[in-house]
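Enquirer: The structure that follows is given in the form of structure tokens.
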Amino acid sequence: MLYLTNLVKFYNDFQAVAGINLHVPKGDLFGFVGPNGAGKTTTIRMICGLLRPTSGNIWIDGISQYGNMDLVKRRIGYVPDFFGVYDNLKVSEYMEFYASLYGISYRECQSLTSGLLELVNLSDKLNENVDSLSRGMKQRLCVARALLHNPELLILDEPSSGLDPRARVEMKELLLNLKSMGKTIIISSHILSELSEMCNSIGIMNHGRIVAAGTIESILNMGRQDFGIIINIGRNIETAAEKAKEFQEIRLASVRENQLVINCSDEEALNRYLVQIMTNDVLVTGFSKHENSLESLFMQLTGDNEENADKSDH
Ligand SMILES: Nc1ncnc2c1ncn2[C@@H]1O[C@H](COP(=O)(O)OP(=O)(O)O)[C@@H](O)[C@H]1O
Ligand SMILES: [Mg+2]
């Protein structure tokens, strides 16, 4: 359905998207996850034709964006991360306004609106002012609007941010419903758990790059090939962390108080490492196995942005 090939975006000298390749198959509910500033919105805006790529290409349904922007735009429904303000505009007028942009007749708009509002559970709000709706309702109205021209691909940029738990559940149910109707859906978030429970595949983005992509199971398997251990250390933990850098098989060495979490691609190397630290005055007081989870893998892949992601969550 969607292919991105060597997609690059520079804002002046700053490279926000650093050559990404991605395939989202038809019918997928694809989660696009990464910390703030990873480049998700930039990528989404390029897919929707709102931002011109510096280089690379975007293919939708076998059609290249180059020279076919109108054709491509018809296949995409876009729900941006910012809703906007609509003074004194009723829900019915809001839908009519967007329908007119797509060249949909007034009569057709009436029947479309009633069907779409039912789908997003807003049928009783037809004559309400848009600005009087709750945030969750506005988000769902935005989805209804994005579906007016019956696009095959729906793209939502952080649709759950700022929603209360109940509204999040409603949004999730709506998206699962749309997936069952055969739509291909891309949804972005900086919170992994929001996506992992509804999406069948995800792409993890960091610093403008896709650092992992595929089905949730395949991404988890990628992490499982590693050997993870937690070492309790009573003395010289810094030495242990430093020594880890000398082993290219060690993909992760993170210090948590008196514990060192190690992920290593090779069992033999892990053993050599342990011998190394113990002969360098590191006092090892215990071991345990470190179980890989999607969450720990995500932290590993986007680790340096951890602080950022936490801050923006509130
Ligand atoms: N219009 C712009 N001009 C310059 N830099 C920008 C602009 N928009 C975004 N950026 C930068 O590009 C990077 C990616 O931003 P964005 O795509 O919004 O990330 P995300 O949606 O993952 O949070 C960030 O470092 C951001 O500061
Ligand atoms: Mg964004």
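Enquirer: I want to check the label-to-label distance for Asn88 and Glu108. Put each point 7 Å from Cα in the C-beta direction and report it in nm to one decimal.
Expert: Inter-label distance under the simple model: 3.1 nm.
Enquirer: Another question about this same structure. If I ignore ligands, DNA and RNA and count only protein heavy atoms, how much of Ser288 is accessible to a 1.4 Å probe, in Å² to the nearest 10?
Expert: Rounded to the nearest 10, that gives 50 Å².
Enquirer: Sorting Asp70, Asp13 by accessible area (1.4 Å probe), largest first, what list results? Write out the running numbers ahead of the final one.
Expert: On the way: Asp70 120, Asp13 145 Å².
The ranking, largest first, comes out as Asp13, Asp70.
Enquirer: Starting from the Cα of Val8, step 7 Å along the direction of its Cβ; do the same at Asn271; then give the gap between the two resulting points in nm.
Expert: Output for this residue pair reads 4.6 nm.
Enquirer: Here is a follow-up. Using a Gaussian network model of the chain whose springs link C-alpha atoms within less than 10 Å, name the residue from Asn200, Asn263, Asn232 with the highest mean-square fluctuation.
Expert: Most flexible of the set in this elastic network: Asn232.
Enquirer: While we're here: Grab the beta carbon distance between Met278 and Met222, set R0 = 30 Å, and tell me the FRET efficiency rounded to 0.05.
Expert: With R0 = 30 Å, the Cβ-Cβ based efficiency is 0.50.
Enquirer: Let me check I've understood the local charge: for Asp131, count other residues with C-beta under 13 angstrom from its C-beta, Lys and Arg +1, Asp and Glu -1. What total comes out? Spell out each step's value before the answer.
Expert: Values: positive: Lys90, Lys125, Arg135, Lys138; negative: Asp87, Glu93, Glu128.
Residues close to Asp131 contribute a combined charge of +1.
Enquirer: Short version: ³J(HN,Hα) in whole Hz for each residue of segment 247-255, in order, from phi by Karplus 6.51 cos²θ - 1.76 cosθ + 1.60 (θ = phi - 60°), x for Gly and Pro, what are they?
Expert: 9, 5, 6, 8, 8, 8, 9, 10, 8
Enquirer: For Lys73, go through the lysines and keep the ones whose alpha-carbon is under 16 Å away, minus same-chain ones fewer than eight residues off.
Expert: Lys183
Enquirer: Could I ask something else about it? Report the semi-axes of the equivalent ellipsoid for the chain in whole Å, largest first, where each axis is √(5λ) for an eigenvalue λ of the Cα gyration tensor. Walk me through the numbers on the way to the answer.
Expert: Values: eigenvalues 407, 87, 51 Å².
After diagonalising the Cα gyration tensor, the semi-axes are 45, 21, 16 Å.
Enquirer: Along Cα→Cβ, 7 Å out, is where each label goes; now give me the distance between the ones at Leu50 and Asn129 in nm to one decimal.
Expert: 2.5 nm
Enquirer: Please build a GNM for the chain, connecting alpha carbons under 10 Å apart, and tell me which residue among Gly103, Gly162, Gly19 fluctuates the most.
Expert: Highest fluctuation of the listed residues: Gly103.
Enquirer: Using only helices, what value at 222 nm comes out for the chain when you add -39,500 (n - 2.57) per DSSP H run of length 4 or more and divide by the total residues, to the nearest 500 deg cm²/dmol?
Expert: Numbers: 12 runs with 116 residues, N = 314.
Roughly -10500 deg cm²/dmol at 222 nm, from the helical runs in the chain.
Enquirer: A further question on this structure: How big is the charge dipole of segment 170-249 about its Cα centre, in debye rounded to the nearest 20, if each Lys and Arg gets +1 on its Cβ and each Asp and Glu gets -1 on its Cβ?
Expert: Computed charge dipole of segment 170-249: roughly 140 debye.
Enquirer: What residues have an amide H closer than 5 Å to that of Phe83, excluding those fewer than 5 places away on the same chain, when H is modeled at 1.01 Å from N in the peptide plane?
Expert: Amide H to amide H, under 5 Å and 5 or more residues apart or across chains, Phe83 pairs with nothing.
Enquirer: Same structure, new question: Given a Förster radius of 35 Å and the C-beta distance between Glu118 and Arg256 as r, what FRET efficiency does 1/(1 + (r/R0)^6) yield to the nearest 0.05?
Expert: Numbers: r = 50 Å, r/R0 = 1.43.
Step by step, r from the Cβ atoms, then E = 0.10.
Enquirer: Mean projection of the alpha-carbon convex hull of segment 122-247 over all orientations, in nm²?
Expert: On the way: hull surface 48.8 nm².
Its average projected convex-hull area is 12.2 nm².
Enquirer: Greater than 18 Å separation of Cα atoms is the criterion. Which listed pairs, Lys90/Lys125; Lys90/Lys138; Lys138/Lys172; Lys90/Lys172; Lys9/Lys40, meet it? Kindly include the intermediate steps, with their values, before the conclusion.
Expert: Working: Lys90/Lys125 9 Å; Lys90/Lys138 12 Å; Lys138/Lys172 15 Å; Lys90/Lys172 25 Å; Lys9/Lys40 11 Å.
Violating the 18 Å limit, Cα to Cα: Lys90/Lys172.
Enquirer: Got the relative contact order for the chain handy, in percent, Cα pairs under 8 Å and 6 or more residues apart? Spell out each step's value before the answer.
Expert: Numbers: 555 pairs, mean separation 65.2, N = 314.
Here the relative contact order equals 21 percent.
Enquirer: To the nearest 10 square angstrom, what accessible area does Glu217 show with a 1.4 Å probe?
Expert: 120 Å²
Enquirer: Continuing with this model, one more query. Keeping the other protein chains in place, figure out the carbon and sulfur percent of the accessible area of the chain, with a 1.4 Å probe.
Expert: Details: 7520 of 15620 Å².
Summing carbon and sulfur atoms, their accessible area is 48 percent of the total for the chain.
Enquirer: Same structure, new question: For the chain, modelled as a Gaussian network with Cα springs under 10 Å, which listed residue fluctuates most, Leu116, Leu50, Leu195?
Expert: Leu50
Enquirer: Given a 1.4 Å probe, how much area per residue of the chain is accessible, in Å²? Walk me through the numbers before you get to the answer.
Expert: Values: 15620 Å² over 314 residues.
Accessible surface, normalised per residue, equals 50 Å².
The values are calculated or read from the model by the stated rules, or taken from the named source; none is laboratory data. Predicted model only: the values in this text are computed from it and were never measured. When we count neighbours, we look across all protein chains shown, and the Cβ atoms used for this are built from the backbone with ideal geometry, even at glycine. Just the protein is used for accessible areas: all its heavy atoms, side chains included, with ligands, DNA and RNA removed. Shrake-Rupley method; radii C 1.70, N 1.55, O 1.52, S 1.80 Å.
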